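Have a look at the structure below before the remarks.
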Amino acid sequence: MDFENFIAGKDDDGRRLFRVLKSLLQDGAQIHQLLRKSLIKLNGKKADASDKVCEGDEIRIPAFLLRGGAHDDKKQNLEKGANENLILENTILKTPDFLIVNKPYDVSVQGGKENLCDIVASIFERENKNSSLSFRPGPLHRLDRKTTGVLVFSQSLEGAKWFSEQLSAHNIKKTYIAIIEGKLEKSERWEDFISSESDDKTNKEVFHKVCARANSAKKGAKLAITNAIPLSYGKYHGKDVTLAQFRIETGRKHQIRAQSALHGHSLLGDTAYGAQKISEAQDFFLHAYRLEFPENNPFSLPKNIDAFILTNFQKMLNKLLIKWDYPRII
């Protein structure tokens with residue numbers, strides 16, 4: 001019988017053996033049985049699924065158990081040659097713990113034929129070969145496919161835990177800019193409850209039906225808080241438009257799009273939320289402009305990370321004759 005040996009890395013340290021094996025085998029049902037039969041060994045000895053793994057430990061696994069599992073998936077990621085330029089050309093900052101990119105338009109973060117998660121995983125596996133058995137890099141917050149801007153991927157377990165904790169505690173601030181219909185005369189604070197509606201036939205969420213409501217009576221409704229601030233004004237085919245800044249205090253799906261529509265200022269071109277269709281390079285223009293991190297954070301991240309607006313957005317501002325003291329935000 002052929003065996004393969006795996007060495008636990010820094011991000012495996014302290015994890016249960018079961019968790020590490022599950023990431024390699026992707027078949028939790030067999031793990032306890034394989035350990036009882038000593039087909040899988042930790043440092044050459046029989047082990048229990050609850051045993052803690054330490055950095056540098058050796059895990060010995062029969063090669064045939066890896067077929068179709070995470071090990072093969074890693075090889076496929078390396079072999080398929082994902083379009084890494086989407087990441088490499090749009091990287092803002094890369095550290096041992098975080099990869100921060102300026103996400104392009106119309107690219108999925110997860111799912112679909114080509115997505116940023118797969119590309120980041122491909123780069124990570126190539127650059128950190130054998131550094132970890134159980135850790136996989138992933139996005140630490142959400143951006144929709146047609147939203148551009150600053151997006152953070154984990155590069156270490158320690159970084160991922162810290163970021164998630166800070167996000168939950170609202171210590172990481174998010175600022176967006178968008179082009180919206182109408183003239184937003186003054187700053188407004190929107191507090192609404194957002195709920196998702198489902199397609200009766202498929203029972204799947206239909207995101208373009210997400211709506212904001214004045215109360216939380218609807219099942220599953222969640223509070224959404226957005227601060228909308230006008231930055232500059234322009235015209236689109238003779239109609240008023242506003243370049244607006246949005247500071248969100250909660251992170252609901254389609255929060256800015258849904259609340260903007262409810263308050264009479266749909267994103268320009270966002271037909272899913274009641275706007276008129278536009279014939280431009282993008283269906284709508286929503287950009288995650290800035291992330292603000294706690295000062296004196298343990299990873300020496302700068303106070304602000306800005307993702308400058310991309311070419312299509314800038315061209316649209318020029319077309320609308322919107323004058324903006326770039327990169328001024330309030």
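The values are calculated or read from the model by the stated rules, or taken from the named source; none is laboratory data. Here the structure is a predicted model, which means the values were calculated and not measured. Cβ atoms come from the backbone with ideal geometry, glycine included; neighbour counts cover every protein chain shown. All accessible areas refer to the heavy atoms of the entire protein, side chains included, with ligands and DNA or RNA removed. Shrake-Rupley method; radii C 1.70, N 1.55, O 1.52, S 1.80 Å.
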Worksheet, complete the sentence: For the range 309-326, the count of residues that are in contact with a strand residue (DSSP E or B) (Cβ under 9 Å, 6 or more places away or on another chain) and either open to solvent by 50 Å² or more (accessible area, probe 1.4 Å) or not in a helix (DSSP H, G or I) (or both) equals 10
Worksheet item: Quick check, is Arg189 within 19 Å of Ser266 (Cβ to Cβ), open to solvent by 30 Å² or more (accessible area, probe 1.4 Å) and at pLDDT 95 or above?
Response: yes
Fill in: Of all residues in the range 285-300 being in a loop (DSSP other than H, G, I, E, B) and surrounded by 15 or more Cβ atoms within 10 Å (Cβ to Cβ), the one that is modelled with the lowest pLDDT
Asn297
Fill in: Meets criteria (open to solvent by 10 Å² or more (accessible area, probe 1.4 Å), charged (D, E, K, R) and not in a loop (DSSP other than H, G, I, E, B)) for Lys277
no
Discussion item. For the range 82-108, give me the residue count where each residue is in a loop (DSSP other than H, G, I, E, B) and in contact (Cβ under 8 Å) with a residue 12 or more places away in the chain.
Written reply: 11
Worksheet entry | Subset of the range 109-135 [buried (at least 19 other Cβ atoms within 10 Å of the Cβ), in a loop (DSSP other than H, G, I, E, B) and either under 17 Å from the mean Cα position of the chain (by Cα) or of a type in the set (Val, Ile, Thr) (or both)] | Val109, Phe135
